[in-house]
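Nothing in this text is a laboratory measurement; each read-out follows from the coordinates by a stated rule. These figures come from a predicted structure and were not determined experimentally. Cβ sites come from the backbone with ideal geometry, for glycine too, and all protein chains shown count toward neighbours.
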Number of protein chains: 2
Amino acid sequence: MSARVSYKHVKDHVLERIRSGQWRPGELIPKEQALADSFGCARMTVHRALRELAEAGLVERRRRSGTRVALQTSRNATLEIPRVDREIEATGAHYCYQRLSRRQVGADPMLRERLALTRRSRLLHVRCVHFAGATPFQFEERWINLEVVPEALEQSFKSVPPNIWLLEHKPWSRVEHVIRAANASAALAGHLDLAEGDAMLVIERRTWSEAQVITFVRQSHPGHFYTLRAGSG
Amino acid sequence: MSARVSYKHVKDHVLERIRSGQWRPGELIPKEQALADSFGCARMTVHRALRELAEAGLVERRRRSGTRVALQTSRNATLEIPRVDREIEATGAHYCYQRLSRRQVGADPMLRERLALTRRSRLLHVRCVHFAGATPFQFEERWINLEVVPEALEQSFKSVPPNIWLLEHKPWSRVEHVIRAANASAALAGHLDLAEGDAMLVIERRTWSEAQVITFVRQSHPGHFYTLRAGSG
DNA sequence: GAGTGGTCTAGACCACTTT
DNA sequence: AAGTGGTCTAGACCACTCA
């Protein structure tokens, strides 16, 4: 007669008991087997529900100790960072790209740190601007590690933006972002159609392939219309 | 004789084949049963490996169609937003808090939109500054929905910051962040020890309890030393 | 209608942690 | 040593989507 009990059902019920205050932060909740019995389902079903709640940071689990309601000191949100061209086209604007410069450089101390280089390496330095229609959307300054991606030397990046070429050419395994605000220098203001000193949202990103950094990039956006969005729940 | 095959083992092997280019972006990979056969494990084991890869955005799965290597157009990073006081204390600085104002207000159109209010509601408006030692770290302007948290009226927030009180008092289920850069107004510059026009990193956050917004807050940080970090992998 | 992923089961054993 | 979560199995049925 009764439908099978889904892990979502279990998850919702546990959530409800946490939100209603029936199970308070720090408190131990019943063990998997007990919950499975009370819901009339298999332990695996309860396990999956609790595992997802643990991944979301709502409960903390330990073998032998059991499962506790987490003390919500901080919680993680998911930040989506789309490809520039799609982001622009999603607004209905025409995507346009301009390469400013491309040259081989050595790694100065700043770059050696940013790219986690252990020795002197040759890098490809590319500067470009991404436009939404006629409006500058993002100024990009990028260094590509030629030890990891030597094929980049064969690319002029005049018509294919480096981000797209890299995405399609070199799969990555890990990424790190640093987000900050900065005032536009005279040079950047010129590229982004801003006044000197206008606020910009700056994203610095390092992309890894296994243990090596593929590329380090600094992307600057006009602060008055660009936003990042992150959510959780 | 052979050890059982773990889902992590399967996950690593699939990842390896993607990274090595053996399975290219957009390409269909073998179905779960075929992989299970080739690994000599149960289909559930393969399923879990592929599910996690799908959650990480590396593959895309559809019933009937099968599993494809994702075109990595965008990928999600996890943004950790800690509690201000802990964030400051983690740097070794002393955390200090000052309430600037607290008053009841009605919901103007801007607030009704931000707080997703369907009708006129009373809100508690609190302005405060968080310090790292003697240095202003964050200016906070917050509106609390008194329909959801009427008990907030009993709090003066003179010594207990509203974020901490809310965290401990009202569990939340969902959160949304908007991150942008802005130039400091004269008033904000004064509060944050900046010059007028200096870049600030601004985080706007809405926190939900079920279908209702608990609070809307705008947090402004000096741009020259505050950064957000996000990672994935 | 058929083929794929999505989920649930019932049982088993393993791994970690505390007693 | 014992108790809890973590995982794997083998099989089953369901749900979605495509032809």
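Per-structure values
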item: Choice from A:Ala107, A:Ala184, A:Ala56 with maximal GNM fluctuation in chain A (Cα, 10 Å cutoff); result: A:Ala56
item: Inter-copy label distances at A:Ser20 (7 Å, Cα→Cβ; nm, one decimal); result: 5.3
item: Label 7 Å beyond Cα on the Cβ vector: B:Lys158 copy-to-copy distances, nm; result: 7.1
item: Gained length - A:Gln22 relative to A:Ala187, 0.36 nm times residue gap less alpha-carbon distance; result: 53.6 nm
item: Straight-distance crosslink candidates among lysines, where the alpha carbon sits under 25 Å from B:Lys158 and sequence neighbours closer than 8 are dropped; result: B:Lys170
item: Within-10-Å neighbourhood charge of B:Gly106 [Cβ basis; K, R +1; D, E -1]; result: +2
item: For B:Tyr97, distant residues with modelled amide H under 5 Å away; result: B:Phe131
item: Mean Cβ neighbour count within 10 Å, used as a protection proxy, ranking B:187-199, B:86-98, A:161-173 highest first; result: A:161-173, B:187-199, B:86-98
item: Inter-copy separations for B:Ala186, label at 7 Å along Cα-Cβ, nm, ascending; result: 2.8
item: R0 of 22 Å, Cβ-Cβ distance A:Glu147-B:Thr78: FRET efficiency to nearest 0.05; result: 0.20
item: Cut-off 14 Å between beta-carbons: net charge of the residues surrounding A:Glu204, Lys and Arg +1, Asp and Glu -1; result: +3
item: Label zone at A:Arg86 (point 7 Å along Cα-to-Cβ), backbone N below 13 Å, segment A:151-179; result: A:164, A:167-168
item: Gaussian network model of chain B, Cα within-10 Å springs - most flexible of B:Val149, B:Val213, B:Val69; result: B:Val69
item: Cα gyration tensor category, rounded, prolate or oblate, for the protein assembly as shown with a/c compared to 1.5; result: oblate
item: Cα gyration tensor category, rounded, prolate or oblate, for segment B:74-223 with a/c compared to 1.5; result: rounded
item: Distance in nm between pseudo-label sites at B:His224 and A:His224 (7 Å out along the Cβ direction from Cα); result: 2.3 nm
